[in-house]
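The values are calculated or read from the model by the stated rules, or taken from the named source; none is laboratory data. From a predicted model like this one, the values you see are computed outputs, not experimental measurements. With ideal geometry, Cβ positions are generated from the backbone for all residues, glycine too; neighbour counts draw on all protein chains shown.
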Amino acid sequence: MEEFFGEQIEVEKSETSPQPLRFQWHGEIHHVVEVLDERVDTGYGALPPRSRKWYTRRHRRYYVVRDGKGDVFEIYLDYSNRQKLSWWLVRRLDRNDTEVERNVAT
């Protein structure tokens, strides 16, 4: 069963890549064993056309990851504020879904 969260999380990433190595959510550390999907979102979201300016774009890098327990999560790095990057847990996907890529938010 898919669960939506939309909560900020703490992430440890690689020195040479923005890919997550592990993340902490509600005090529990989830070790990333596999990155199933990765995409960049620089769209405008639900902004009306007249409000769409270069500076109102989203700046997010989404990852679908599998942790050591086999749970699959969608998380993203919000890099719109370069001084204070933030990571967010979007949702936990159904681990029995063999086509995870089709469940990724667009």
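Here are some notes:
- Matching residues, the range 13-32, being exposed (fewer than 13 other Cβ atoms within 10 Å of the Cβ) and either touching a residue at least 24 places away in the same chain (Cβ under 8 Å) or assigned to a strand (DSSP E or B) (or both): 28, 29
- Where a residue in the range 66-92 is surrounded by fewer than 19 Cβ atoms within 10 Å (Cβ to Cβ) and its partner, wherever it lies, is at pLDDT 90 or above and of a type in the set (Gly, Ala, Ser), with Cβ under 9 Å and at least six apart: 78/86; 79/86; 80/86
- Taking the criterion of being surrounded by 12 or more Cβ atoms within 10 Å (Cβ to Cβ) and of a type in the set (D, E, K, R), the residues of the range 33-54 that qualify are 37, 38, 39, 41, 52.
- Scope the range 1-12; condition closer than 21 Å to residue 84 by Cβ and surrounded by 10 or more Cβ atoms within 10 Å (Cβ to Cβ); matching residues: 5, 7, 8, 9, 10, 11, 12
- Scan of the range 33-51 for residues that are over 13 Å from residue 90 (Cβ atoms) and assigned to a strand (DSSP E or B), ordered by number: 33, 34, 35, 36, 38, 40
- When 67, 71, 78 are checked against the criterion of being touching a His at 6+ places or on another chain (Cβ under 8 Å) and within 16 Å of residue 7 (Cα to Cα), a single residue qualifies: 78.
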